[in-house]
Every structure is written in structure tokens, then in C-alpha cells.
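For reference, the structure discussed in these notes is given below.
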Amino acid sequence: MLTKEQRDELVRAAQKVQNKAYTPYSKYNVGAALLTKSGKVYLGVNIENAAYPTTICAERVAVFKAVSEGEREFAGIAVVTRDGGSPCGSCRQVLAEFSLDAHVLIANEAGEVVMEGSVLDLLPGAFGPENLKASL
Ligand code: THU
């Protein structure tokens, strides 16, 4: 479980990075701050593209940055949008790959947390690495 300080710090970091989002098409800025179990914070924003489906969400940018630096265990993630919007299905699946128990904080622009729970709460019955054990 995260401490109150860790939760506040993550939400603040996600709020702060939100303005780095590249969103010329939707103007919907998303900021994410991902805390690894080793104590590092990786930030992410959504990055859109003129070829719309090529867009990537803030949560996945944060996870991919962390994983590409060797981090695979996550303690929590804060996601900030103007209206406290919820992570999409693809981001839930990517988070579930690594840490079903990670704490998720969804907040609005003012930093008010509108939803708090685990990755498992966001994606009950997730398909994951366990399902492929017999193939390995
Ligand atoms: N978006 C995210 O960054 N994360 C989500 O989980 C939901 C959607 C972005 C993608 C796109 O740039 C914008 O929000 C509108 O869909």
C-alpha cells in the first residue's frame, strides 16, 4: 500500500507532466506518474499522431519507459486528466501484465482523486502471463 505522501507525490507529478502531452487533435491531455517497487518514478503523457491509431496513451508511455529501463514491478500509478477520465482497456491490460496489485489513482486536473483501487479492480479476470505458463 502507498503512504499518503507517496499518493500525493504521484498525483502531483502526473498533474505537473500533463502539459507535456502532445494532443493537437483531441486536446485531451493525460499525465501519468508510475512508481516502481524500487522507488523510482517514471512519467508519461499521451502522444498523438496525424495517423490517429498511432497515438499512444500516457499510462503506456510511463510503463514502457520503466520497462525499457529494467523496471517490471510497480507499486502504483497516478493518472490525471481534466475530468478524471479512466484508463483505457489497452492501458489496463499493459498494467496487468506487470503488477495486478499496483495501486491506481485517477484524478482530475485539480488533483482530486475520483477513483482509487488496484489494477485488478480495473481489470477483473485479467488474461495474463499465468495463462501462458504451459506454453513456455
Ligand atoms: N488517452 C490516454 O492517454 N490514456 C487513456 O487511458 C485514455 C485515452 C489519450 C489518448 C488520446 O490522446 C486522448 O486521450 C483522447 O483519446
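Values quoted throughout were computed directly from the atomic coordinates according to the rules given, and no laboratory measurement underlies them. Because the structure is a prediction, the values reported are computed rather than measured. A quick note on method: Cβ atoms are made from the backbone with ideal geometry, for glycine too, and the neighbour counts reach across all protein chains shown.
Structural remarks
- First in the stretch 118-136 and closer than 11 Å to A96 by Cα, second anywhere and surrounded by 13 or more Cβ atoms within 10 Å (Cβ to Cβ) and of a type in the set (S, T, Y), Cβ under 7 Å, 6 or more apart: V119/S99
- Considering residues of the stretch 62-93 that are more than 8 Å from the ligand (Cβ to nearest atom) and β-branched (V, I, T) only, the residue nearest to V114 (Cα to Cα): V80
- Candidate set: the stretch 14-32, residues that are more than 10 Å from the ligand (Cβ to nearest atom) and aliphatic (A, V, I, L, M); chosen: the one surrounded by the most Cβ atoms within 10 Å (Cβ to Cβ): A14
- Candidate set from the stretch 17-49 (those that are in a helix (DSSP H, G or I) and in contact with a strand residue (DSSP E or B) (Cβ under 7 Å, 6 or more places away or on another chain)); member that is farthest from A110 (Cα to Cα): K20
- In the stretch 117-135, residue farthest from G76 (Cα to Cα) [restricted to those that are touching a helix residue (DSSP H, G or I) at 6+ places or on another chain (Cβ under 8 Å) and surrounded by 15 or more Cβ atoms within 10 Å (Cβ to Cβ)]: A126
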